[in-house]
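Working notes for the structure below.
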Amino acid sequence: MFDLKSKACDVIERGYCVLESVYDDRECEQLRTIFKQLCDNKGGFSSERETITFHPLLEWGPEIAPFFAKPIVVDTMATVFQDDVRLAHSGAAVFNNALVGETLTDWHVHYAWKIPPTGLQRNHPERVLCNIYVDGSGPDIGPLIVLPRGLNNSVGAKGDVGAKWDGQVEVVIPPGSAVIFDTAVWHCSKRGSSSALRHLWGGHYQGWSNSTPHPEDNTADNPTVAEYKNELPVLRGLLDGPT
């Protein structure tokens, strides 16, 4: 069991936290099976398609909806927001390490709102990105690299987006872990030493009291997701709001 307040403090103080192995081996294998079918549906990998993406994930693969309803993950985000949690965007990417180049993603950030002339003056992040690292992150599968930040530090880039930045941290995490980022956190990723597939999926979340739109918002309106909402109160709360 995690100390949710401690994890929320990590997000406030350094911009992210790691929830280690919240999806067990069986769930990770189920996720890999789902993504294999989704990748096959898109024609599979090739030299022209070394990475396959799914946005909105809940439209491409509605059968993954129950995996969003992981109480410990949702409860951690609720502690960060001090609010009920809304899933505002779903997405995924599967990287083929045998085909990709050294860099999977350059330094990037998901913060997309106007910053006051006086800088950020927040009590908590307005929005977080929560990614599930099905295969973990490290030298073999590939590193996740993060630039830690305080809650109201500058969102400006710290150098060339393809270069190494002072203060960067390589986050090594076990398979099945969730990483919750403030959307103002800069991060990037590199190819690993193995030829395995790297499965990454998740979403953007806000508190339900925050209705501010974001350019990356997407929807999850389809009959399969509707059926899962009827079965899973946690998922229903993420998509329809608290009851």
Please note which strands (runs of 3 or more DSSP E) are completely contained in the stretch 79-139 and include at least 3 residues that are of a type outside the set (F, W, Y), crowded, with 23+ Cβ neighbours inside 10 Å and within 14 Å of the chain's Cα centre (by Cα). 85-96, 127-133
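Under the condition of being part of a helix (DSSP H, G or I) and out of contact with any strand residue (DSSP E or B) (no Cβ under 9 Å at 6 or more places or on another chain), which residue from the stretch 57-78 is nearest to P215 (Cα to Cα)? Walk me through how you get there before you give the answer.
Step one: of the stretch 57-78, the residues part of a helix (DSSP H, G or I) are 57-60, 62-68, 71-78.
Adding the requirement that they be out of contact with any strand residue (DSSP E or B) (no Cβ under 9 Å at 6 or more places or on another chain) leaves 62-63, 66, 71.
Working: P62: 22, E63: 25, P66: 25, P71: 27 Å.
The residue in question is P62.
Please find, within the stretch 140-149, the residue that is nearest to V94 (Cα to Cα) out of those that are in a loop (DSSP other than H, G, I, E, B) and under 19 Å from the mean Cα position of the chain (by Cα).
Let us first name the residues in the stretch 140-149 that are in a loop (DSSP other than H, G, I, E, B), namely 140-141, 143, 147-149.
Narrowing further to those that are under 19 Å from the mean Cα position of the chain (by Cα): 141, 143, 147-149.
Values: I141: 12, P143: 15, L147: 23, P148: 25, R149: 27 Å.
Selected residue: I141.
Quick check: anything in the stretch 26-36 among the polar types (S, T, N, Q) and either without any contact (Cβ under 8 Å) to a residue 12 or more places away in the chain or out of contact with any strand residue (DSSP E or B) (no Cβ under 7 Å at 6 or more places or on another chain) (or both)?
Restricting attention to the stretch 26-36, the residues satisfying the condition of being among the polar types (S, T, N, Q) are 30, 33.
Narrowing further to those that are either without any contact (Cβ under 8 Å) to a residue 12 or more places away in the chain or out of contact with any strand residue (DSSP E or B) (no Cβ under 7 Å at 6 or more places or on another chain) (or both): 30, 33.
Yes; the residues of the stretch 26-36 include at least one that is among the polar types (S, T, N, Q) and either without any contact (Cβ under 8 Å) to a residue 12 or more places away in the chain or out of contact with any strand residue (DSSP E or B) (no Cβ under 7 Å at 6 or more places or on another chain) (or both).
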I'd like to verify a number: residues in the stretch 134-154 that are touching a Ser or Thr at 6+ places or on another chain (Cβ under 9 Å) and within 22 Å of G167 (Cβ to Cβ), how many? 6
Count of the stretch 123-155 residues which are farther than 28 Å from R191 by Cα and touching a strand residue (DSSP E or B) at 6+ places or on another chain (Cβ under 9 Å): 4
All positions within the stretch 114-169 that are out of contact with any Lys or Arg (no Cβ under 9 Å at 6 or more places or on another chain) and of a type in the set (D, E, K, R): K114, R122, E126, R127, D140, K158, D160, K164
Can you tell me which residue in the stretch 1-55 is surrounded by the fewest Cβ atoms within 10 Å (Cβ to Cβ), limited to those that are of a type in the set (G, A, S) and farther than 26 Å from T219 by Cβ? S47
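Looking only at residues that are among the small types (G, A, S) and within 17 Å of the chain's Cα centre (by Cα) in the stretch 25-71, which one is farthest from M1 (Cα to Cα)? Spell out how you get there, then give the answer.
Here is the first cut: in the stretch 25-71, the residues among the small types (G, A, S) are 43-44, 46-47, 61, 65, 69.
From the residues that got through so far, the ones that are within 17 Å of the chain's Cα centre (by Cα) too are 61, 65, 69.
Details: G61: 30, A65: 23, A69: 17 Å.
Among those residues, the one meeting the criterion is G61.
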Confirm whether G142 is farther than 29 Å from T219 by Cα, of a type in the set (G, A, S) and out of contact with any helix residue (DSSP H, G or I) (no Cβ under 9 Å at 6 or more places or on another chain). yes
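Sort through V185, V172 and tell me the only one that's without any contact (Cβ under 8 Å) to a residue 40 or more places away in the chain and under 16 Å from the mean Cα position of the chain (by Cα).
On the way: V185 fails: without any contact (Cβ under 8 Å) to a residue 40 or more places away in the chain.
Checking each option against the conditions leaves just V172.
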Filtered residue count, the stretch 40-66, keeping only those that are among the aromatic types (F, W, Y) and closer than 14 Å to H199 by Cα: 2
Would you be able to say whether some residue in the stretch 200-220 is crowded, with 22+ Cβ neighbours inside 10 Å, touching a residue at least 12 places away in the same chain (Cβ under 8 Å) and over 16 Å from the mean Cα position of the chain (by Cα)? yes
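Where a number appears in this text, it was derived from the coordinates with a stated rule and is not lab data. These figures come from a predicted structure and were not determined experimentally. Cβ: placed from backbone, ideal geometry, glycine included. Neighbour counts: every protein chain shown.
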